[in-house]
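K.L.:
Please see the structure below; I have some questions.
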Amino acid sequence: MLALTFDDGPDTRWTAAVLDALAACRARATFFVLGERVRAHPELVARAVAEGHAVGVHGDAHLRHPDAGRAAVAADLAAALAALAAAGVAPGRWRVPWGALAPFTAELAALHGLALTGWTADTHDWRGDRADAMLAAVEPGLAPGAVVLCHDGIGSGARRRDCAETVALVGPLVAAARARGLEPVALDAAWRAPVPRGNPAWPDPQGSPESPGAPAGSPEAPGARAVRGAPAGSPEVPGATASAPAGSPEVPGARPGRGTPARPDVPSRVSADALG
Ligand SMILES: [Zn+2]
């Protein structure tokens, strides 16, 4: 199995289009939503659930935990959970914006019974690449237990104006996964998805372009700066995302060695969170 995940929605146009694309190929996915957008479009959350997808929480606004501080993040999470509750959803997973953990993030997750959930393969769809290019880049990461990061909403600073290429990617991505014997399923409680552990070198693949107040093109993410080989000035930190979040090391079946040597900072206990 494999998990497709979509962050930053719901978006009235693009979430609906992603749901249509998933329905067309009868695949399930997980949506990590923003409370402020859920309040605007609760019907999209309801539709996702009705169609068999999982819904997790991303945040209310799109706060970077290390910058926002505990009180702000706690309030943000509470607001997001309230928005989801109003939409009839009690999420079990939390993908924090940019995967950027603060020392208090795990505590807040535990307080609300949320499993912190990272990803193992990144489409970098916010950059505006064509679907075929994204597929070629992400295909090596389609392994058992892979968690693929996509976006069904536009964050400030994204290099694209819409999510059309993400929508176009869904069908081919599902087909590529199935060609490897991997059925895209919704993340449920049984999944042992990769978990960011407050790693200072956790990269910022989805984040920089959306970072509130962060200058585009600037590796403003602390994690990004910490990642070796990340080209200066590149928000997407290709080297970082290729080697990291969850990468490969801890996911059984992932390509051996990919990223492993370069990630001495990945706690070995992350392995315990890989899909068993
Ligand atoms: Zn996000």
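Values quoted throughout were computed directly from the atomic coordinates according to the rules given, and no laboratory measurement underlies them. None of the values given here were measured: they were computed from a predicted structure. Cβ coordinates were reconstructed from backbone atoms using ideal geometry, including for glycine residues, and neighbour counts include every protein chain displayed.
K.L.:
Take the Cα of residue 107, step 7 Å along the line toward its Cβ, and report every residue of region 49-82 whose backbone nitrogen sits under 11 Å from that point.
P.N.:
Within reach of a label on residue 107: 70-71.
K.L.:
Could I ask something else about it? What list of ³J(HN,Hα) values in whole Hz, one per residue of region 161-170 in order, does the Karplus curve 6.51 cos²θ - 1.76 cosθ + 1.60 (θ = phi - 60°) give from phi, with Gly and Pro shown as x?
P.N.:
Values per residue, Gly and Pro as x: 8, 8, 10, 4, 6, 5, 4, 5, 6, 3 Hz.
K.L.:
If you don't mind, another one. Along Cα→Cβ, 7 Å out, is where each label goes; now give me the distance between the ones at residue 85 and residue 39 in nm to one decimal.
P.N.:
Here the modelled spin labels are 1.5 nm apart.
K.L.:
Can you list residues from other chains, or at least 5 along the same chain, whose modelled amide H is less than 5 Å from the amide H of residue 116?
P.N.:
94
K.L.:
Please list, in chain and number order, the residues 5+ apart from residue 55 or on another chain whose amide H is under 5 Å from its amide H, with Hs placed from the backbone.
P.N.:
Counting only residues 5 or more places away or on other chains, the set is 31.
K.L.:
Moving to a separate point now. Once you put a point 7 Å from the Cα of residue 25 and another 7 Å from the Cα of residue 159, both along the Cβ direction, what distance in nm separates them?
P.N.:
With each label placed 7 Å out from Cα toward Cβ, I get 2.3 nm.
K.L.:
Now for a different question. Residue-wise, which Karplus ³J(HN,Hα) couplings in Hz belong to region 183-193, taking 6.51 cos²θ - 1.76 cosθ + 1.60, θ = phi - 60°, and x for glycine or proline?
P.N.:
Karplus values, whole Hz, x for Gly and Pro: 8, x, 10, 6, 5, 10, 5, 7, 5, 9, 6.
K.L.:
Across region 125-133, in residue order, what do the Karplus-derived ³J(HN,Hα) couplings come to in whole Hz, using 6.51 cos²θ - 1.76 cosθ + 1.60 with θ = phi - 60° and x for Gly and Pro?
P.N.:
Whole-Hz 3J(HN,Hα) from phi for region 125-133: 5, 5, 6, x, 5, 6, 4, 5, 5.
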